[in-house]
1. Would you pick out the residues in region 91-105 that are assigned to a loop (DSSP other than H, G, I, E, B) and either open to solvent by 90 Å² or more (accessible area, probe 1.4 Å) or aliphatic (A, V, I, L, M) (or both)?
2. Can you give me the number of residues within region 107-123 that are buried (at least 16 other Cβ atoms within 10 Å of the Cβ) and either at positive phi or of a type outside the set (Ser, Thr, Tyr) (or both)?
3. Could we say that Ala76 is open to solvent by less than 30 Å² (accessible area, probe 1.4 Å), in a helix (DSSP H, G or I) and out of contact with any strand residue (DSSP E or B) (no Cβ under 9 Å at 6 or more places or on another chain) here?
4. Could you say which residue among Lys212, Lys150 is under 24 Å from the mean Cα position of the chain (by Cα), at pLDDT below 95 and closer than 26 Å to Glu127 by Cβ?
5. Six or more apart or on different chains, Cβ atoms under 6 Å: show the pairs whose first residue is in region 80-95 and under 12 Å from Leu122 (Cα atoms) and whose second is β-branched (Val, Ile, Thr).
6. Specify the residue that is modelled with the lowest pLDDT; the eligible residues are those in region 49-66 that are of a type outside the set (Phe, Trp, Tyr) and open to solvent by less than 50 Å² (accessible area, probe 1.4 Å).
7. Could you list, in sequence order, all residues of region 111-129 that are part of a loop (DSSP other than H, G, I, E, B) and in contact with a helix residue (DSSP H, G or I) (Cβ under 7 Å, 6 or more places away or on another chain)?
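The values are calculated or read from the model by the stated rules, or taken from the named source; none is laboratory data. This one's a predicted model, so the numbers in the text were calculated from it and none came from an experiment. Here the Cβ positions follow ideal geometry from the backbone for every residue, glycine too, while neighbour counts run over all protein chains shown. All accessible areas refer to the heavy atoms of the entire protein, side chains included, with ligands and DNA or RNA removed. Shrake-Rupley method; radii C 1.70, N 1.55, O 1.52, S 1.80 Å.
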Amino acid sequence: GTRYMGEHIVDNFKREAMKVPFLRNLLLSDSISISSNITFENLSPLSTYLGKPGNPDKGGITFEEYKRRQNQHRQAEIHALLDVPEFIDRAHDIYQYENFVCDSGGSLCEVTNLNDHVDPVLKCLSEHTVLLYIEGNPAHTKMLVERFKKHPKPMYYQPRFLETKWEQYKQQQGLIRDDDVDPDGFAVWGFEQLMLHRIPLYDTIARRYGYKVHMEDIPAIKCVDDFNEIMCRVIDSNK
């Protein structure tokens, strides 16, 4: 997923650079190159690329452009999730890892179709992994919102949900024009709305395809045996 989005970011910068005659000549002559340094530990370039819709004077981009980049994000997430079996094989064959943990990220519930019982992503993950939903609580949600305010992370919105919340936010703020929306204001408000929207989706995925544990159980996990013990407990409780 990071590789896929990195390619989009590089292409976007190249398009912008080609509008500047000086940079255009250097790019066409291969005198300079543009590359992405996105890593699993540093997703800031992705957050910057996805941007925030709203007032351009405050760093916002058009709502249409934001939706276009959101679709790229969706495709990247799907590609990454479908790559899980390959990474499981590589982890075992190259590094001899017997255990594989995939942190799918919060957008798993957004890029899958719960009305489709043969959704390719969920089918792939359920066949190769055991899905585990870590259920948070209101305090956890509040902590995530505060963390998002300080360090925004890449977020994906389903198109219909995004359009509904965009119009709802403008109505609440008494705004008509997209360019009058405060990008940071919508980003934080939208993040909170997204957290609430995802809870029932996570729950449905866990009920149909996997299991659920509480956030309070996670800090106690210090080693593989601790994790396996929790997994055995939740599996037994669902028999």
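1. Selection gives Gln96, Tyr97, Glu98, Asn99, Val101, Asp103.
2. 7
3. Answer is yes for this residue.
4. Lys212
5. Leu81/Val121
6. Result: Leu50.
7. The answer is Val111, Thr112, Leu114, Thr129.
One line per residue, one yes/no per condition, for (1) assigned to a helix (DSSP H, G or I); (2) crowded, with 16+ Cβ neighbours inside 10 Å; (3) out of contact with any helix residue (DSSP H, G or I) (no Cβ under 6 Å at 6 or more places or on another chain):
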residue	(1), (2), (3)
Arg69	yes, yes, no
Ala80	yes, yes, yes
Glu86	yes, no, yes
Met143	yes, no, yes
